[in-house]
Amino acid sequence: MTASVTSVVLSMAVYLNGKISVRSLIFLLLLFSVFLPMAITRAYVFVMRNLNCILMLNFEVIEQPVLLKNLTVRFTSHALRFIEKNKRNPFLLFLSFAKVHNVLFTSNAFDGHSRHSRYGDAVEEMDWAVGKIRAALETLGLKDDTFVYFTSDNGPHLEDITVDGQYHGGWKGIFRGGVVRFLKL
């Protein structure tokens with residue numbers, strides 16, 4: 001039994017044994033079945049929103065909670081500074097964009113930019129970011145000596161769908177449920 005149900009049952013037992021009044025019983029029932037669960041839920045949401053969402057640079061927390069609106073622009077700017085700083089030395093730049101999965105977000109410049117809603121806007125912003133990085137490599141004369149590897153995760157967030165079964169973002173193509181289906185040639 002959950003703590004709330006247990007508390008209600010115990011309150012009823014104490015009332016039935018004549019230890020508390022009807023007024024006290026109503027107070028306890030409201031406390032344990034409504035207000036306590038609501039307080040716990042609000043505390044959980046506060047903790048998850050304010051303590052779980054952090055942006056770190058090396059071992060330093062630089063933002064909490066993370067502001068997603070211009071995160072791609074900031075990642076790209078940081079990557080461009082890194083490339084410029086290390087242009088005379090071999091380097092590894094691993095840039096893991098926080099898109100285009102779920103939650104879909106873009107900077108103001110890309111809001112309403114595509115014909116494919118928020119998902120299209122997010123894809124176009126990520127395409128812009130990759131283009132900026134590739135252009136920097138070319139401008140600095142690093143293009144021919146640089147290996148660029150672009151990959152993605154496994155498609156849309158399967159649980160995030162509209163009431164009519166459409167994904168809020170992403171496309172899974174021939175794949176489904178994390179299982180790869182091979183085409184027969």
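Computed quantities for the displayed model
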| item | result |
| --- | --- |
| Qualifying residue in the range 142-158 (condition: part of a helix (DSSP H, G or I), modelled with pLDDT under 95, closer than 17 Å to A79 by Cα and basic (K, R)) | yes |
| Failed criterion for V45 (all others in (1) under 20 Å from the mean Cα position of the chain (by Cα); (2) outside the structural domain of D121 (by TED's automatic domain parsing); (3) in a loop (DSSP other than H, G, I, E, B) hold) | (3) |
| Checking N108 against (1) within 22 Å of T151 (Cβ to Cβ); (2) exposed (fewer than 15 other Cβ atoms within 10 Å of the Cβ); (3) at pLDDT 90 or above, the condition it does not meet | (1) |
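The values are calculated or read from the model by the stated rules, or taken from the named source; none is laboratory data. As the structure is a prediction and not an experimental result, all values here were calculated from the model. Counting neighbours? That spans all protein chains shown, and the Cβs are built from the backbone with ideal geometry, glycine included.
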